[in-house]
Amino acid sequence: MAARQKSIRRTTKGKKANYRPTKSGAGMTKKGVAAHRKANPGSKLKTAVTAKKVKPGSKAAKRRKSYCARSAGQMKKHPKAAKNPNSRLRQARKRWRC
């Protein structure tokens, strides 16, 4: 069994914000990803693929497709969040351009 990852503070306000507020697309900030990678050496966590156009078949396009597929499953699992356009799930999907 893998060792448990260390968690980082789930802050969305101020200089120490590791997560984006819901209104600005949810998800982690660049700083939050850096903090997570520092706390968990060997982590491959990356920020969202937000570019409007990505080359088809590129690593970024594959990451986006994978995230969109996984988050679509979350939409099925949490119908209340799926119906609410202001939920963190819907805002994150919007930011990833799903």
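Checking each residue in the stretch 66-86 for being free of Cβ contacts under 8 Å to residues at least 12 places away in the same chain and either surrounded by 14 or more Cβ atoms within 10 Å (Cβ to Cβ) or touching a strand residue (DSSP E or B) at 6+ places or on another chain (Cβ under 8 Å) (or both) picks out Ala81, Ala82. The residues on offer are Leu89, Leu45, and the sole one that is in a helix (DSSP H, G or I), touching a His at 6+ places or on another chain (Cβ under 9 Å) and aliphatic (A, V, I, L, M) is Leu89.
Kindly evaluate Ser87 against the criterion of being assigned by TED's automatic domain parsing to the domain that holds Met28 and not basic (Lys, Arg).
So Ser87 fails the test.
Quick one: count up the residues across the stretch 48-64 that are outside any helix (DSSP H, G or I) and more than 23 Å from Leu89 (Cβ to Cβ). So the answer is 5. Across the stretch 60-98, the number of residues qualifying as basic (Lys, Arg) and more than 24 Å from Asn18 (Cβ to Cβ) comes to 6. Scan the stretch 12-39 for residues that are surrounded by 15 or more Cβ atoms within 10 Å (Cβ to Cβ) and either part of a loop (DSSP other than H, G, I, E, B) or modelled with pLDDT under 85 (or both) and jot them down. Selection gives Thr12, Ala17, Asn18, Arg20, Gly25, Ala26, Gly27, Thr29.
The values are calculated or read from the model by the stated rules, or taken from the named source; none is laboratory data. None of the values given here were measured: they were computed from a predicted structure. All Cβ positions, even for glycine, are placed from backbone atoms using ideal geometry, and neighbour counts span all protein chains on display.
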